[in-house]
Amino acid sequence: MFSDMFQKLWANGIIQRGIWETIYMTILSSLISYAIGLPLGVVLNITDREGIYPLPLLNRLLGLVVNFFRSVPFIILMVAMLPVAKLVVGVSLGNRAMIVMLVIAASPYVARMAESALKEVDAGVIEAAQSMGSSNAQIVWKVLLPEAKPALITGAVISMVTILGYSAMSATIGGTGLGQIAVSYGHQRFNPDVTWCCVFLTVIIVQVIQEVGIWISHKTDKRIRH
Amino acid sequence: MIELRELKKTYTAAGKSIVALDGVNLTVHDGEIYGIIGLSGAGKSTLVRCINLLEKPTGGQVLIDGQDITQFTGKRLLRLRRSIGMIFQSFNLLEQRSALKNVTFPLEISGVGRKDAEARAMELLELVGLSDRALSYPSQLSGGQKQRVAIARALATRPKYLLCDEATSALDPNTTASILELLKRIQQTLGVTMVVITHEMKVIERICDKVAVLDRSHVAEEGNVSEVFTNPRSEIGKELILSGEQELSGGGKGRRLRLTFDSESSQAPILSSMILACQMPVNILFADTRKLCGAVYGQMMIELPDDEREAGKIIEWLKNSPVKWREEV
Ligand SMILES: Nc1ncnc2c1ncn2[C@@H]1O[C@H](COP(=O)(O)OP(=O)(O)O)[C@@H](O)[C@H]1O
Ligand SMILES: [Mg+2]
């Protein structure tokens, strides 16, 4: 049923390693992207004209930078950013370089995601917190982030799926994982079953991320009557 | 004591300026429940938000216990706000926190430890009659219960003042009544001074001692509720306060008198005495009695006979009676 190539890849643990590399790159890049994107999203939210600490100039500037990175297609951004990867991790090849690229591409995405999640927090609730004498830092930590938590988790799920897609694309310039297996063993050596196997595995990983993420988001959302 | 002096607020939005408050003066004494009534857009919310500087006035002064707070910033402003509670029309509870944790919020931000904060919060939930719902989330509470939690939260730091911006406007009449009762009880037992914003007469009637009628950025009139409500002088006051009146009969061209009765005179059969004494019919256009602060007030609009001489006789009789009256034009 399976081609020789597939059996060889499986026997040598290459597919298993591909699964692991995809998961590992996605999770690590997501974590770093969130660590950068979430604070950016907070800054975008609070410095907005309607935010708790309006700084229109900074807000516009940051918005422009974010939009710039978001409007460049990943495949182009990746190639353009190779020198940056070399600067940060010393190499422009392999997983470490790919993670740098994924983070550069995903952080602005996460920032917008976080910004819109935070925007959902009712202005009245923020006002109530202000009326009680909360400082801006207290509003961020005790109101904005906790109240937006379910939306932030949902945003994280969507970002992770996007990052997983990016990680597969990074195969074209030397990334590893299921994307690379599909390209070099499936596509270039004419083994459609290898390609389809990678597709299938990717779908499974995406489904797991989504189901678990949405479940956590739901579970932590106190607006829903359990 | 809260004193507003020549308070002004102008918003600038999209290049246009909107005057929301134009030289407002009023004084709220300690222990009072001070009502501010006005139509939508009159500037009520702006006014109350200037008291805790959620809105920065563009002119005039806000004196709290004699101190002008309009220039407060930073830590001083935060400390001021902690001494003034506020409740809102839409309750504004933190949706991801339980009732208990909502009440501990103001304590947390002013640095009270968790144990003490929770003990104090339970006390307050007890006060508002919700100790059995401490662990419920706002989504599991009714509107009235949410407002009770909001009241408990506003009182957590033992503020001297409580600002209420349309606190009952989203509630049904029965729930409104119970929330108003709670506010009254809080004023009586804790001595909290309150500023109550509303567009509803019944809110003022039920709990307020003083009232100011706000009309298009100005205070149109002000005084004790019993005076203003039985005898509104400003056009807007009449409109708001007497708007419940529906003329029972269309009425003719005759002169109209508004009679007002206080607790004493409302007991006596004034009208029958008048008709018997003058031996002539009057047309009753409107009649109403109200309970204000526990006392009964009534008013009645009558139309005099067209005949000048007959009308004069009635007026003569009224002048010698204890009834307060005034001719409507
Ligand atoms: N943030 C704002 N920006 C611009 N205009 C405002 C703002 N808030 C209120 N206004 C305007 O100020 C006036 C008074 O509003 P408000 O104080 O909310 O009235 P009320 O509470 O009596 O309905 C209205 O004309 C309103 O449109
Ligand atoms: Mg209002």
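The values are calculated or read from the model by the stated rules, or taken from the named source; none is laboratory data. Please read all numbers here as calculations on a predicted model, not as lab measurements. Please note: Cβ atoms are built from the backbone with ideal geometry, for glycine as well, and neighbour counts cover all protein chains shown. Accessible surface areas use protein heavy atoms only, side chains included; no ligands, DNA or RNA. Shrake-Rupley method; radii C 1.70, N 1.55, O 1.52, S 1.80 Å.
Quick check: the angle from helix B:114-127's long axis to the longest principal axis of chain B, C-alpha only, nearest 10 degrees? Roughly 20 degrees, rounded to the nearest 10.
For residue B:210, the lysines whose Cα falls under 28 Å of its own Cα, not counting residues fewer than eight places away in the same chain, are B:8, B:9, B:44, B:56, B:146, B:160, B:184, B:202, B:238, B:291, B:324. Close amide-amide hydrogen proximity is noted between residue B:285 and B:301, B:302, B:303, each under 5 Å apart and 5 or more residues distant or on a separate chain (H modeled in the peptide plane; Pro and chain starts excluded). Dipole magnitude for chain A: computed about the Cα centre from +1 point charges on Lys and Arg Cβ and -1 point charges on Asp and Glu Cβ, it is near 220 debye. When accessible surface is computed with a 1.4 Å probe, chains A and B are found to bury approximately 2100 Å² between them, both chains counted.
Take every Cα pair under 8 Å whose residues are at least 6 apart in sequence, average their separation, divide by the length of chain B, and the relative contact order is 18 percent.
For segment B:1-134, the relative contact order works out to 21 percent when only alpha carbon pairs closer than 8 Å and six or more residues apart are counted. For residue B:166, the accessible area of its heavy atoms, probed at 1.4 Å with every protein chain present, is near 20 square angstrom.
Applying a DSSP loop filter and a limit of 13 other Cβ atoms within 10 Å to the GluC sites (Glu not before Pro) in segment A:33-128 leaves A:50, A:120. Taking the Cα centre of chain B as origin and assigning +1 to Lys and Arg Cβ atoms and -1 to Asp and Glu Cβ atoms, the resulting dipole is close to 1420 debye. Under 22 Å between alpha carbons: how many lysine pairs meet that in segment A:4-220, if sequence neighbours fewer than 8 apart on the same chain are excluded? Total qualifying Lys-Lys pairs in segment A:4-220 comes to 5. Taking the DSSP bridge list for segment B:2-240 and keeping only pairs wholly inside it, about 55 percent are antiparallel. Computed over chain B, the per-residue total of -39500 (n - 2.57) for DSSP H runs of n ≥ 4 gives a 222 nm mean residue ellipticity of -10500 deg cm²/dmol, rounded to 500. This model, with +1 at the C-beta of Lys and Arg and -1 at the C-beta of Asp and Glu, gives segment A:159-226 a dipole about its Cα centre of some 340 debye.
The solvent-accessible area of residue B:132, taken with every protein chain present and a 1.4 Å probe, is close to 120 Å². Phi angles across segment A:128-141 convert, under the Karplus curve 6.51 cos²θ - 1.76 cosθ + 1.60 with θ = phi - 60°, into 3J(HN,Hα) values of 4, 4, 5, 5, 8, x, 6, 6, 4, 4, 5, 5, 4, 6 Hz, Gly and Pro given as x.
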